[in-house]
Amino acid sequence: MSYYYKYNFVSPEPVFATVKEELKSYFDTGAVDDLLFPTYLDKCLKKLGRTTYKIVPVILDIENFEARLPDNFYAVREAWLCTEVNLRPAQSANSFYSQSNSATTIQVGPTITEQTQACPNADCNNVDCNGQCMPDLIQCVYKTNHEISRTLNRHYLLKPGNISVKKYCDLGCRNFGSESFDTFDIRDNKFVTNFRVGTVFMLMYSTEYDEEGTQLIPDNYRIREFIEAFIKYKIFEMLSNQTNDETFQQLQQKLIYYKQLHDEAYIMADIEIKKQDVFAKQRRVIKDKNRLNIYELPQRVRRDGRNFYGPFRNNQ
């Protein structure tokens, strides 16, 4: 399974409020409004790519070659076929000793309390001896061993492809219209496969919304700056296409200025989302170091000085 950086997602309302406050005169006169702000936001996120969408794990139960996708589905990142093999339960190595009985206990002591000597008082009839005798009490002890259920999960990475699935398909068309058996397709808000029944673990890009119905954005400074610059640029583009108190030359100069800011903010945001974190850099270093190991001869000594056969063999 691949690794990915997990962003924190926040509401874009502070960005919208900043734009409306900085361009207050245009909003107060009614020249522009915030009706298209969600549309502009959607354009910004699509321009930056799928990195700006939240990654959510989902379990899909395939029935009759298909499963319904969630409502907030945007795109598939990974899809894994999960197979489960039930094994015999394993008994825990630890034991718990108690004086209470349960369903998973084993008796290691007698189950009754008995009196080993007769009471010298004949009137008590072994019911109430009034302190004349004391019966020997043997307490019960139970040993408890818990069982651990064991399952084996095997994952197969599914490949995207075009699958032509009939509405009522028999066993003879499991691979109908597909080049392999481990293929999936997205159609009509459904996850379509070429196996009839199964379980799929999917990492998907999702669209998340706040309480006001506005799409959430990553909590990243460069991305927020790009969204703000793009909205300002689109506002002045809208003003240049309508009649207002400013001249066309003034609006063109502002439009060119904010377009330049938008282009610079987009470049910085695009660089920001492509940066590698510390863990990604570590994995890249290890991968680059070992990428030529397949071309090494088995009798040769490795780069770290150890032999290919192991630390207990002499170097050839």
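Taking the mean number of other Cβ atoms within 10 Å as a proxy for protection, how do you rank 224-234, 197-207 from highest to lowest?
Most protected by this proxy first, the peptides run 224-234, 197-207.
Residue 43 versus residue 207, label points 7 Å from Cα toward the beta carbon: distance in nm?
With each label point 7 Å from Cα toward Cβ, the separation is 1.6 nm.
List the pairs from 259/287; 232/281; 159/234; 6/287; 43/289 whose alpha-carbon separation is above 29 Å, in the order I gave them.
In this structure, 259/287; 232/281; 159/234; 43/289 exceed 29 Å between Cα atoms.
Pairs of Cα atoms under 8 Å, at least six residues apart: use those to get the relative contact order of the stretch 176-254, whole percent.
Result for the stretch 176-254 is 12 percent.
In nm, to one decimal, how far is the residue 277 label point from the residue 242 one, both placed 7 Å along Cα→Cβ?
Taking the simple label geometry, residue 277 and residue 242 are separated by 4.3 nm.
What does the extension gain come out to for residue 295 and residue 68, with contour length at 0.36 nm per residue minus their alpha carbon separation?
Going from the current span to full extension adds 77.1 nm.
Kindly put 196, 283 in sequence by how many other C-beta atoms sit within 10 Å of each C-beta, fewest to most.
283, 196
Taking K and R as +1 and D and E as -1, what net charge do the other residues with C-beta under 12 Å from the C-beta of residue 237 add up to?
+4
Grab the other residues whose beta carbon is less than 12 angstrom from that of residue 255, score K and R as +1, D and E as -1, and report the net.
Local charge sum for residue 255: +2.
Rank the residues 294, 223, 271 as a footprinting-exposure proxy: fewest other Cβ atoms within 10 Å of their Cβ go first.
294, 271, 223
Bear in mind these aren't lab numbers, they're just calculated from the coordinates by the rules spelled out. If you're wondering where the values come from, they're calculated on a predicted model, not measured in any experiment. Heads up, the Cβs are rebuilt from the backbone with ideal geometry, glycines too, and the neighbour counts pull from every protein chain shown.
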